[in-house]
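Report on one structure; see the data block that follows.
Each value in this text was obtained by applying a stated rule to the coordinates, not by laboratory testing. Everything numeric in this text was worked out from a predicted model, so none of it was measured. Cβ placement follows ideal geometry from the backbone for every residue including glycine, while neighbour counts extend to all protein chains displayed.
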Amino acid sequence: MKPVKRVEFIIDSLEVDHLLESLAEININSYTVLREAYGSGDRGIRGGDIFSGAFDNSYVLIACTEEESIEIIEKVRPVLKKLGGMCLVSDAQWVKH
């Protein structure tokens, strides 16, 4: 196993491309995006509109080094402040196969 940082975002689906562009600027190109995330938080229940996709959230997962996690946070903090969303950083173990 390899220790990594797990960086997770919940962000408005319409802003995912903007987030990914910001990550690409610091050479973070490995991630997973799950569309149509739903739940309840500061803005109430967010489940989206089945016809337009408006109000949908997406979940973005990144496994990276501690140094990369610091770069990610510094880069995306202004994006999150402007657009909203949530970011969590935690310790994880990458299971090598």
May I ask you to list pairs of residues, at least six apart or on different chains, whose Cβ atoms are under 7 Å apart, with the first in the range 78-93 being more than 16 Å from Asn57 (Cα to Cα) and the second being surrounded by 10 or more Cβ atoms within 10 Å (Cβ to Cβ) and hydroxyl-bearing (Ser, Thr, Tyr)? Val89/Ser69
Please find, within the range 1-28, the residue that is nearest to Ile70 (Cα to Cα) out of those that are β-branched (Val, Ile, Thr) and part of a strand (DSSP E or B). Val7
